[in-house]
Amino acid sequence: MDASSRLHEEREFFDRQYGEQNRTHIERFYAIATRPYLENMDELAKLAAGRSVLEYGCGDTPDLGIMLAEAGGRVRAFDLSPVAVERARAKAADAGAEIDFQVMNGEQLEYGDSEFDIVCGHGVIHHLDLTKAFPEIARVLKPDGVASFVEPWGHNPVINWYRNRTDDFRTTDEHPLVRSDVELARRSFRGVEAEHSNLMTLPAIPLTMTKRYGEGSRVFGRALSALEKVDDFVCSRSRALGNMGWTVRVVLRQPI
């Protein structure tokens, strides 16, 4: 599939997804994996005041951009889907956050060189051709800036078995990040860090399928909190086990 056809398919898929809001049946599973996203938001919020920020692929719920705007950042955001941008703009307005939104291709950014102190996104770059996206992120990032993304990770065979059987949840060309993607980032950045998580939280997934013990319940909260502590211990002390996690936070510095 050529690049224009791939982008057209991506745009149509997400316009349809956001327009119909038909992802609610799978979003409950993500309740066990929210912490790396929240921690990434908190870390970036500490840096945002007075800084230029780009939310890269904001989707229809620009929580990251809104939080960084509230922290004092000068935020711009984009998404490939016009439907997503329309919804995101309305949600930011409702929250009182000043964010400049545009429809844009993440592999061909329309921003200037060295324009942003912070570039960030959640669950976005695994949709892209990273041979194009990483150089573009490096180009728009200031020399002392930071880019930070939380993405799905692709080395757990059980998770991959599930992914391969739920094709309707994703586009045909998206892929969870793998070790070779992290190495690819080193062609565009001198500083590349990858922090894995959400291996030991996976046993909490069955709880998300029940009304009584699912997200928001006391049982779920206690179980997830305990599993997160185990996850921290395991993923920080064993690279092999951490590599089996569901998510990865990739931090990029010193663009080349």
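Just so it is clear, none of the values below were taken in a lab; they were calculated from the coordinates. Note that this is a predicted model, so its numbers are computed, not measured. No Cβ is skipped: glycine too gets one built from the backbone with ideal geometry, and neighbour counts run over all protein chains shown.
Summary value for the chain: 20 percent relative contact order, contacts being C-alpha pairs under 8 angstrom separated by 6+ residues. With contributions of -39500 (n - 2.57) from each DSSP H run of at least four residues, the per-residue ellipticity at 222 nm computed over the chain stands at -13000 deg cm²/dmol. Taking a ≥ b ≥ c as the square roots of the eigenvalues of the Cα gyration tensor, the range 48-187 is oblate, since a/c reaches 1.5 or more and a/b is not larger than b/c. The slack between Arg186 and Asp100, meaning 0.36 nm per residue of separation minus the straight C-alpha distance, is 28.0 nm. Extension gain, Gln108-Ala45: 0.36 nm per intervening residue step, less the Cα-Cα distance, totals 20.0 nm.
Annotation: lysines with alpha-carbon distance below 27 angstrom to Lys132 (same-chain offsets under eight excluded): Lys142. Bridgeable lysines around Lys229 (alpha carbons under 25 Å apart, same-chain partners fewer than 8 residues away excluded): Lys46, Lys211.
Sorted by average packing, counted as other Cβ atoms within 10 angstrom per residue and highest first, what order do 81-93, 34-46 take?
On the way: 81-93: 19.2, 34-46: 16.2.
Packing proxy ranking, top to bottom: 81-93, 34-46.
The loop-placed trypsin sites (Lys or Arg not before Pro) in the range 165-256, going by DSSP, that have at most 15 neighbouring Cβ atoms within 10 Å of their Cβ come out as Arg165, Arg186, Arg187, Lys211, Arg212.
The spacing between the range 31-84 and the range 122-191, judged by their C-alpha centroids, is 17 Å.
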